[in-house]
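Bear in mind these aren't lab numbers, they're just calculated from the coordinates by the rules spelled out. Just so it is clear, the model here is predicted, and its values are computed rather than measured. Positions of Cβ are generated from backbone atoms using ideal geometry, with glycine treated the same way; all protein chains shown enter the neighbour counts.
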Amino acid sequence: MRWSGEEGGATLPVGQVDPAVLGALLHRHGWRRRGGAAGRYARWTPPGAVGSGTSLLVPENRAYPDCEDLLGEALTALARSAAPCAREVLLSLAVPSDEVRWWREVPEGPLGTASWNEQEQLRGAAHRMLLAGALAVRGPAGYHGARHRRQALASLADVLAGPGPDGRLTAFVPVASGRPAVVRLYEALNAVRDAVDYQRATGGMEAFDAAVRAGVSRELTESVIALVHGTEGVRIALEWAPAAGVPTGCAPRPEPVEFSPGDLPALRAAGARYLSVEPSVPVRITGAVVRLRRSGPGGPGVVRLRVLAGAEVPHVRMELDEEAYRIAGHAHLVGLPIRVVGRLESRGGFRRLSQARDVTPVQVDDAERDRLMKSLQENLDFFEEACGSEADPATD
């Protein structure tokens, strides 16, 4: 995700602009319609403008004779405007995007400014929340850990975000690549709000268990906790791209979802619950050995694999008996991956394989073998028998 306030400066072709979409975006971002010729064009003024403030003439549709000229003048005026809302309109026109907005109620600094730490906390929590939505697209889970993380991050690579008025942060999520994540986030935020209300009213946690099917996870509850911490309350709002329409099953204008410090105990309890109950997963992994360690010249050792197939995590660690460790070491030296059966443990984020067995070298084509050998030569410092040293710590 690009959390940036800068754009490349590309000009949006007038022929690609739908006047109806432009009007909808102006209305969304606080512009006011102040007359015009009914059925032909409308006059729009920016938020806060009074009297003879800057205005845009936007045709109702492309049937209006001067449509191209008016749209060109409107886009030029928006590009020259210093108002943040003008830039947001241009962003949504250039790339049809669903918008996610976050507000945090915190004490303001001098002249309405926000502290650096406050902005960093807001951006970090927002990033984690979008990632939780993208992870939920891959399937329901109370705790995702390292699973599917690369794919989820890749689906959000084109998100643009920047600060807005009133201390808010807005993310523009392209419909083409990110709408599934926004839809899941919409469902999950409402489900977690309902589950928190149920827990606060009854003391029961059952609603959090059911909410997993709607995309709620430890990752989402942790992002909400990070967002709420140190505030008097937060609000999250979603708005769909006018050019793409409303997703099936979603409200045309979703109500903002709000959380307060009083929700934190329920959210923390839910996160702990999700972490403790997510089961281990039986897997059959193919991977390239990238590290070997054991405390002596013989006996069992610890092996780290770069996963090639069989699990949606980048790396796993496992402890192997002496014979399996020897097989893994030989396979690594000749540039072959290995295949191993075991259980991917939720403890540690699904980065550890327990009950590892049936370690077998896997034949690969020459090109893949050359690539693995090159990787070995470039990373010899990671290949260690380390006789007489301590084994790797449990963390990656």
Original post:
So what is the diffusion coefficient of segment 275-365 in µm² per second by Stokes-Einstein at 4 °C and 1.567 mPa s, using a Kirkwood Rh over Cα pairs?
Top reply: 99 µm²/s
Subject >> Relative contact order of segment 229-365, pairs being alpha-carbon contacts under 8 Å that are 6 or more residues apart, as % >> reply: 20 percent
Original post:
How long are the three semi-axes of the equivalent ellipsoid of segment 208-337, in whole Å, if each is the root of 5 times an eigenvalue of the C-alpha gyration tensor, listed from largest down?
Top reply: 45, 20, 13
**OP:** Mind running the shape call on segment 155-246? Use the C-alpha gyration tensor, a ≥ b ≥ c as the square roots of the eigenvalues: rounded below 1.5 for a/c, prolate if a/b tops b/c, oblate otherwise.
**Re:** oblate
Original post:
Applying the Karplus parametrisation 6.51 cos²θ - 1.76 cosθ + 1.60 with θ = phi - 60° to the phi angles of segment 81-94, what ³J(HN,Hα) value in whole Hz is obtained for each residue in order, glycine and proline being reported as x?
Top reply: 6, 8, 5, x, 5, 5, 5, 5, 5, 5, 4, 5, 6, 5
Original post:
What ranking, highest mean first, results for peptides 244-250, 338-344, 259-265 when packing means the other Cβ atoms within 10 Å averaged over each residue?
Top reply: 338-344, 259-265, 244-250
Subject >> Amide proton proximity set for residue 98, modelled H, under 5 Å, gap of 5+ >> reply: 173, 175, 241
